[in-house]
Amino acid sequence: MPCALCSADAPLVSCPVDGGPEAASVSICAPCSDQIAGDLDSGHMRCLATAMWSDTPAVQVLAARLLKRLDAQGWARDLSEQLWLDDDTQTWVDNVAATSNHRDSNGVVLNVGDTVVLIKDLPVKGAGFTAKRGTAVRGISLVHDNPDHIEGRVDGQRIVILTKFVKKK
Ligand SMILES: [Zn+2]
């Protein structure tokens, strides 16, 4: 069997995919495994463009999470936006965030899907507009490797917002 992510015909290791309805893992090659544990190589991770459409939910979940980690790169963000997951699989993807430490300006824990209100005007870098104080941002997602960052849609654009500038509604 080839690597579930990059299809390399190489010896495989088992990579657990936590947060699912039951314990799950996918079989991947050592280079993929090393990158997941350390730094992702964006050249190698182009394989996610195929892996994210796998018939196996655990592979899709892993691919979706890795794309999130690469979110600073345009190609990965584009793929994240194209990726369509059924509700159960999306919940699984987001579950990892349930253990994170995102808190609003008052120290209240933030969860995926919460509504927050901006407590100050925020210039949005690169988008050329200011998100106004008092704007409600519905259905936030959490940037799972950075507890200071959440994501949400303002004026139709998906932006990253610092948690210290929001208040949970
Ligand atoms: Zn691989």
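The values are calculated or read from the model by the stated rules, or taken from the named source; none is laboratory data. Keep in mind it's a predicted model, so treat the numbers as computed, not measured. All Cβ positions, even for glycine, are placed from backbone atoms using ideal geometry, and neighbour counts span all protein chains on display. Please note that ligands, DNA and RNA were not included when accessible areas were found on the heavy atoms of the full protein model with its side chains. Shrake-Rupley method; radii C 1.70, N 1.55, O 1.52, S 1.80 Å.
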*asked:* Here is a check on your reading of the model: is A23 more than 8 Å from the ligand (Cβ to nearest atom), under 29 Å from D87 (Cβ atoms) and exposed (fewer than 13 other Cβ atoms within 10 Å of the Cβ)?
replied: yes
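If only one of A76, A72 is more than 24 Å from A23 (Cα to Cα), out of contact with any strand residue (DSSP E or B) (no Cβ under 6 Å at 6 or more places or on another chain), crowded, with 19+ Cβ neighbours inside 10 Å and not hydroxyl-bearing (S, T, Y), which one is it? Can you show your working first?
Working: A72 fails: crowded, with 19+ Cβ neighbours inside 10 Å.
Answer to the selection: A76.
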*Restricting the first residue to segment 108-135 and requiring it to be touching a residue at least 60 places away in the same chain (Cβ under 8 Å), which pairs with a second residue that is outside any loop (DSSP other than H, G, I, E, B) meet a Cβ separation below 6 Å and a spacing of at least six or different chains?*
V108/K168
*What residue, of D34, D39, is within 12 Å of the ligand (Cβ to nearest atom) and at pLDDT below 95?*
D34
*Output the qualifying pairs, or none if there are none: Cβ atoms under 7 angstrom, residues six or more apart or on different chains, first residue in segment 66-82 and in contact (Cβ under 8 Å) with a residue 60 or more places away in the chain, second residue loosely packed, with under 14 Cβ neighbours inside 10 Å.*
R69/D145
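Do the conditions hold for V61, that is, is it surrounded by 16 or more Cβ atoms within 10 Å (Cβ to Cβ), over 15 Å from the mean Cα position of the chain (by Cα) and modelled with pLDDT of 95 or more?
Details: surrounded by 16 or more Cβ atoms within 10 Å (Cβ to Cβ): yes; over 15 Å from the mean Cα position of the chain (by Cα): no; modelled with pLDDT of 95 or more: yes.
Spelling it out, it is not the case that V61 is surrounded by 16 or more Cβ atoms within 10 Å (Cβ to Cβ), over 15 Å from the mean Cα position of the chain (by Cα) and modelled with pLDDT of 95 or more.
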_Just to be sure before I move on: is G134 surrounded by 16 or more Cβ atoms within 10 Å (Cβ to Cβ) and not assigned by TED's automatic domain parsing to the domain that holds I28 in the structure I sent?_
no
*What is the residue count in segment 36-58 for residues that are open to solvent by 30 Å² or more (accessible area, probe 1.4 Å), within 13 Å of L83 (Cβ to Cβ) and among the aliphatic types (A, V, I, L, M)?*
1
*Can you pull out the residues in segment 80-117 that are over 16 Å from G19 (Cα atoms) and surrounded by 20 or more Cβ atoms within 10 Å (Cβ to Cβ)?*
H102, D104, L110, D114, V116
*Answer with yes or no whether G139 is within 22 Å of G74 (Cβ to Cβ) and part of a loop (DSSP other than H, G, I, E, B).*
no
